[in-house]
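The values are calculated or read from the model by the stated rules, or taken from the named source; none is laboratory data. What you see is a predicted model, and the numbers here were worked out from it, not measured in a lab. FYI the Cβ positions are ideal-geometry reconstructions off the backbone, even for glycines, and counts take in every protein chain you see.
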Amino acid sequence: MPETTVVHGGHGLPYSKGLLAQSLSASGLSPQRSFELAREVEARLAARGGATIDLRGLRELAEEILRAREGEAAVRRYRDWSRLDRLDRPLIVLIGGAAGVGKSTVASQLAGRLGITRVIATDVIRQVLRSFFTAEAMPTVHHSAFEVDLDGFSEQAELVGTAVTAIVERACGERTPMVVEGVHAAPSAFDSALLERCVAVEALLVVEDEELHRGHFSLRGAARPAERYHARFAEIRRLQDHLAARARAEGVTVVSNENADATLGLLMDLVLDAVGEAAA
């Protein structure tokens with residue numbers, strides 16, 4: 001099959017099914033379906049016989065095939081995704097939730113779909129604070145969120161949240177998109193002034209089925225033994241209820257993570273809706 005060069009800004013690169021498939025997957029398609037359509041685009045490029053195509057022409061061809069195979073809604077999502085690079089503010093996604101709800105997995109998958117390379121875990125920030133401050137100076141950060149009472153968690157979240165805010169402020173200054181995940185990615189964590197400097201998307205993950213939630217801990221590696229979490233499972237569930245009530249009160253979307261693909265689709269919808277509104 002002859003190779004087609006995609007030209008943009010005076011430079012050319014060979015057409016890549018992988019890159020186009022990643023773009024198409026941002027419209028909500030599965031990776032497998034996205035690759036199938038990217039392969040169909042490749043076949044159409046070969047059939048047309050031209051050695052080059054500009055980026056606009058490639059996008060129009062991709063939209064034509066996407067419209068025929070998946071419908072207008074998928075085209076709209078694809079266009080919203082393509083606007084990400086043209087936003088005058090960075091996209092900042094916050095994914096909160098108690099231990100064991102799948103935050104890290106979903107955050108990594110979402111970042112991959114969106115082409116975001118910076119994913120920050122709030123537990124890493126807490127670990128940094130622990131290394132700088134003694135247990136006497138800052139006792140709450142020396143415990144996991146579910147090992148302290150709700151007042152202690154609020155204090156811990158405020159301390160970690162100050163560091164998260166500083167990281168997001170820098171991302172806004174550099175116009176760098178970012179995903180922040182963790183129990184400290186609390187609903188409405190930022191003040192209105194900071195929110196105006198970015199396109200912020202907030203969601204809280206929960207697992208409503210207790211047995212499914214408990215089972216998530218058994219899938220973790222030896223570095224995080226399940227027994228520790230099972231022993232504190234009641235506290236973890238209590239913290240989840242607290243976070244969910246707070247999220248709903250503040251208008252933050254609560255997503256029940258029973259199925260990873262469905263959760264990822266819902267989060268993509270939230271992100272692309274926000275991007276579409278910001279671009280408009």
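Residue pairs whose Cβ atoms lie under 6 Å apart, separated by 6 or more positions or on different chains, with the first residue in segment 142-166 and closer than 18 Å to residue 99 by Cα and the second small (Gly, Ala, Ser) and loosely packed, with under 15 Cβ neighbours inside 10 Å, are 142/135. Close Cβ contacts (under 6 Å, 6 or more residues apart or on different chains) running from residues in segment 78-107 that are closer than 20 Å to residue 20 by Cα to residues that are among the hydrophobic types (A, V, I, L, M, F, W, C) and in a loop (DSSP other than H, G, I, E, B) comprise 81/26. Cβ separations smaller than 8 Å between residues 6+ apart or across chains give the following pairs from segment 195-224 residues that are within 30 Å of residue 166 (Cβ to Cβ) to residues that are crowded, with 17+ Cβ neighbours inside 10 Å and among the basic types (Lys, Arg): 205/103.
Residue-wise test of (1) part of a loop (DSSP other than H, G, I, E, B); (2) within 19 Å of the chain's Cα centre (by Cα); (3) surrounded by 12 or more Cβ atoms within 10 Å (Cβ to Cβ).
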| position | (1), (2), (3) |
| --- | --- |
| 197 | yes, yes, yes |
| 202 | no, yes, yes |
| 208 | yes, no, yes |
| 213 | no, no, yes |
| 229 | no, no, yes |
| 234 | no, no, no |
| 238 | no, no, yes |
| 244 | no, yes, yes |
| 247 | no, yes, yes |
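What do you reckon, is residue 260 loosely packed, with under 13 Cβ neighbours inside 10 Å and either in contact (Cβ under 8 Å) with a residue 12 or more places away in the chain or within 17 Å of residue 103 (Cβ to Cβ) (or both)? Here the answer is yes, as residue 260 does meet what is asked. Restricted to segment 59-157, the set of helices (runs of 4 or more DSSP H) holding at least 2 residues that are farther than 25 Å from residue 262 by Cβ comprises 122-132.
Table: residues versus (1) of a type outside the set (A, V, I, L, M, F, W, C); (2) more than 19 Å from residue 229 (Cβ to Cβ); (3) in contact with a strand residue (DSSP E or B) (Cβ under 9 Å, 6 or more places away or on another chain); (4) modelled with pLDDT of 90 or more.
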| position | (1), (2), (3), (4) |
| --- | --- |
| 85 | yes, yes, no, no |
| 91 | no, yes, yes, yes |
| 103 | yes, no, yes, yes |
| 106 | no, no, yes, yes |
| 112 | yes, yes, no, no |
